[in-house]
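Before any comments, here is the structure.
The values are calculated or read from the model by the stated rules, or taken from the named source; none is laboratory data. Computed from a prediction, not measured in an experiment: that's the story for all the values here. We place every Cβ from the backbone using ideal geometry, glycine too, and count neighbours over all the protein chains shown.
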């Protein structure tokens, strides 16, 4: 049975409700969805999620689990990893981590996700807060055959290795500082100071 996973603490802006709505629209009962993350004392929001799941009649497919100490293992259990954040994330570590583990990802087209996901190659980008678009992307991801999954996994892991290692991100940050300092020096030279 295919597994869809949304890792992230239980807080409204992480988009768990968007995913729940998308799964109801997907109209499949042969999948499981796991929301992985602590409610950090937000029991009211957790209750709201559980109530919505029951109201939509998808309780059999949904699992809410608490914090996971072994996310690499969790990613390996997932067939598709979702980031459904309703607000832009500065980086969105889940998207990069899932790709590093060779998992197809579906993420909102805002924040850093468009820099991390190569839509159609390493995953899918959808308009934020759009359950229908998310359902459509999930449908595509779940229809991948073994060869397509392998090709996507290879492309995704290579993309992360090339662009999102600690060393490459530190080098890119230092390069930005060099550019800013060089522009500052040119401006100082032009102003005669």
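Scanning the stretch 105-131 for residues that are over 13 Å from residue 160 (Cβ atoms), surrounded by 19 or more Cβ atoms within 10 Å (Cβ to Cβ) and more than 9 Å from the chain's Cα centre (by Cα) turns up 111, 124, 125, 126, 128, 131. Counting only residues that are surrounded by 11 or more Cβ atoms within 10 Å (Cβ to Cβ) and without any contact (Cβ under 8 Å) to a residue 40 or more places away in the chain, the stretch 55-65 holds 7 of them. Out of the stretch 15-70, which residues are touching a strand residue (DSSP E or B) at 6+ places or on another chain (Cβ under 7 Å), farther than 20 Å from residue 89 by Cβ and in a loop (DSSP other than H, G, I, E, B)? 31, 61 - these are the residues of the stretch 15-70 that are touching a strand residue (DSSP E or B) at 6+ places or on another chain (Cβ under 7 Å), farther than 20 Å from residue 89 by Cβ and in a loop (DSSP other than H, G, I, E, B). It is to be established whether one or more residues within the stretch 132-140 are out of contact with any helix residue (DSSP H, G or I) (no Cβ under 9 Å at 6 or more places or on another chain), within 29 Å of residue 10 (Cβ to Cβ), at pLDDT 95 or above and surrounded by 13 or more Cβ atoms within 10 Å (Cβ to Cβ). Yes, because at least one residue in the stretch 132-140 is out of contact with any helix residue (DSSP H, G or I) (no Cβ under 9 Å at 6 or more places or on another chain), within 29 Å of residue 10 (Cβ to Cβ), at pLDDT 95 or above and surrounded by 13 or more Cβ atoms within 10 Å (Cβ to Cβ). Does residue 159 satisfy the condition of being in contact with a helix residue (DSSP H, G or I) (Cβ under 8 Å, 6 or more places away or on another chain), surrounded by fewer than 21 Cβ atoms within 10 Å (Cβ to Cβ) and modelled with pLDDT under 95? Considered against the rule, which asks whether it is in contact with a helix residue (DSSP H, G or I) (Cβ under 8 Å, 6 or more places away or on another chain), surrounded by fewer than 21 Cβ atoms within 10 Å (Cβ to Cβ) and modelled with pLDDT under 95, residue 159 comes out as yes.
Any residue that is at pLDDT 95 or above, surrounded by fewer than 24 Cβ atoms within 10 Å (Cβ to Cβ) and at positive phi - is there at least one of those in the stretch 82-101? Among the residues of the stretch 82-101, not one is at pLDDT 95 or above, surrounded by fewer than 24 Cβ atoms within 10 Å (Cβ to Cβ) and at positive phi, which makes the answer no.
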